[in-house]
Amino acid sequence: PEDTVTSSFASFIRAARPEHLSPTVRQRSKRMILDSIGVGLVGSTTRVFDIALRYCRELYSSVAVSSVYGKPGVKLSPTLAAFTNGVATHSMDFDDTWHPATHPSGAILPALLAASQMLPSNTKPNGLDFLLAFNVGLEVQGRLMHFSTEAHDIPKRFHPPSVVGTLGSAAATAKLLSLSSAQCCHALGIAASLAGAPMANAATQAKPLHVGNATRLGLEAALLAGRGMEANPLILDDIPGCSGFSAFYSVYQPKALSVPGEHHEFLLEKQDIAFKRFPAHLGMHWVVDAALSVRNLFINYAGSFSPSLIRTIMLKIPVSKYINRPFPSSEHQARHSFQFNACAALLDGEVGLGSFSESSIHRQELRELLDKVVVEHPEDNVANFDKMYGEVALLLHSGDVLTGKCDTFYGHWRKPLSKESLLKKFRSNASHVLPEEKIEAIITMVDNLENLSDSSQL
């Protein structure tokens, strides 16, 4: 069918050209690619990644052509490499976040890396093709999330990358594989049937599977469409009595996506990405910055940080059940706990990789601080990454009250990480598995991605 929302998305995928990417979009997306590789590399050191990799190596045998983060010499089939690298990217909840809320890079980059290595040597996409496909995947995710007002708030029912990420991966891979418009339509339809994961698995080892599956299943959807599999060509349209993509949202108002041209503006042009400074749910970054602010006030007040002087720690946070965890007992729960991250920042003056170790989580002094936490949910503090704030108040035994508040943390799209900070994060993450010369080679390669003759080198 012509002139439908779904066909407009397919036409967009097919018609996008490198010249449609503005310098801002190119630069922002290259920052995302570099950061995502870094968090994938450090993620390859985690237990959940080891489980996923062992599963793929032991249970599947196929043509192994695609590389795995942090494992020199290990190759898997393209779809399993995408899955494993997607798990690595989200294994610490360290990957980028967009608004409306999703983790866009981890859902598409591993699929593109795997597909680049899969293609025959005479059809390898160049770096500019790769960058374009990455941005097509971002655009599809962003447009889909703007179809529903529900998507703007911190999710309650399903994890967004498992839905929009799967279709974004399908779109990005379809672009890289040069599928026809009809095939792109079918790829989106197939991907919709492979999408979805419940929020109940947040703060567990299963949550990284959401991103791993999104990037893998999107790649599979494109490969199936390229081989002739068909799906509903109206999957993104709002058809009364027949739910397509609208099955995921009770409020769904799709709009056609214009073919890119001189006047098309990619969403990444208007909406930058949030990069995380430490590996935890994005909401934690507000309370950590607020806690660090009030900690400095406390040290100026008392001369040092003395927990015995504190009677109550008041957190003013938005209502979000799955990240309101008073006493987390595992690293994944700790990454999703306002209380833990505020207290860790107060106690240590920072939050980093080591904050989520078993020994750190179960420290007696940290548990004593958690006992003092009281939570409030002000009406003006909404569960929305563009509007929320974090406030930490220390009520002292003396009767004095010290307060720190954060409206926009460093790394948020309104307060982006500097180039120096992003490179520092990447080098730190990559250094867990790569020597310095390879780290610098990746930085140079991503920085000059438009000039790379063969994207599989990445």
Fill in the blank from the handout: The condition of being more than 26 Å from the chain's Cα centre (by Cα) and not assigned by the TED database to the domain that holds G106 holds, among L353, L292, L366, L315, only for L366
Completion exercise
Output for Cβ contacts, cut-off 7 Å, separation at least six or different chains, first residue assigned by the TED database to the domain that holds D93 and crowded, with 24+ Cβ neighbours inside 10 Å in segment 323-339, second small (G, A, S) and in a loop (DSSP other than H, G, I, E, B), reads none
Practice task
State yes or no: is H103 buried (at least 24 other Cβ atoms within 10 Å of the Cβ) and over 26 Å from V63 (Cα atoms)?
Solution key: yes
Exercise for the section: Filter segment 67-78 down to the residues that are of a type in the set (S, T, Y) and touching a Phe, Trp or Tyr at 6+ places or on another chain (Cβ under 9 Å), then identify the one that is farthest from V211 (Cα to Cα). Expected result: S77
Problem - Selection status of F278, aromatic (F, W, Y) and in contact with a His (Cβ under 8 Å, 6 or more places away or on another chain) - result: yes
Fill in the blank from the handout: Filtering segment 407-423 down to residues that are part of a loop (DSSP other than H, G, I, E, B) and within 18 Å of the chain's Cα centre (by Cα) yields F409, Y410, G411, H412, W413, R414, K415, P416, L417
Practice task
Determine if segment 307-319 includes at least one residue that is touching a residue at least 24 places away in the same chain (Cβ under 8 Å), in contact with an Asp or Glu (Cβ under 7 Å, 6 or more places away or on another chain), under 21 Å from K405 (Cβ atoms) and open to solvent by 50 Å² or more (accessible area, probe 1.4 Å).
Solution key: yes
Fill in the blank from the handout: The residue that is nearest to V288 (Cα to Cα), considering only those in segment 336-353 that are out of contact with any helix residue (DSSP H, G or I) (no Cβ under 6 Å at 6 or more places or on another chain) and of a type in the set (G, A, S), is G349
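For every residue, the table says whether it meets (1) open to solvent by less than 40 Å² (accessible area, probe 1.4 Å); (2) of a type in the set (A, V, I, L, M); (3) outside the structural domain of S306 (by the TED database).
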{"residue": "E358", "(1), (2), (3)": "no, no, no"}
{"residue": "I361", "(1), (2), (3)": "yes, yes, no"}
{"residue": "K372", "(1), (2), (3)": "no, no, no"}
{"residue": "V375", "(1), (2), (3)": "no, yes, no"}
{"residue": "F385", "(1), (2), (3)": "yes, no, no"}
{"residue": "V392", "(1), (2), (3)": "yes, yes, no"}
{"residue": "S398", "(1), (2), (3)": "no, no, no"}
{"residue": "L449", "(1), (2), (3)": "yes, yes, yes"}
Practice task
Check L217, L236, L257 and return the single one that is at pLDDT 95 or above, among the hydrophobic types (A, V, I, L, M, F, W, C) and in a loop (DSSP other than H, G, I, E, B).
Solution key: L236
Fill in the blank from the handout: Here the residues within segment 82-93 that are under 18 Å from V68 (Cβ atoms), open to solvent by less than 10 Å² (accessible area, probe 1.4 Å) and part of a loop (DSSP other than H, G, I, E, B) are S91
Completion exercise
Counting only residues in segment 41-63 that are among the hydrophobic types (A, V, I, L, M, F, W, C) and within 18 Å of T79 (Cβ to Cβ), the one modelled with the lowest pLDDT is identified as L59
Completion exercise
Residues of segment 407-416 being of a type outside the set (D, E) and open to solvent by 10 Å² or more (accessible area, probe 1.4 Å), in sequence order, are T408, Y410, W413, R414, K415, P416
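The values are calculated or read from the model by the stated rules, or taken from the named source; none is laboratory data. All values derive from a computational prediction rather than experimental measurement. When we count neighbours, we look across all protein chains shown, and the Cβ atoms used for this are built from the backbone with ideal geometry, even at glycine. When the accessible area is computed, the model is the full protein with side chains, heavy atoms only, and any ligands, DNA or RNA have been set aside. Shrake-Rupley method; radii C 1.70, N 1.55, O 1.52, S 1.80 Å.
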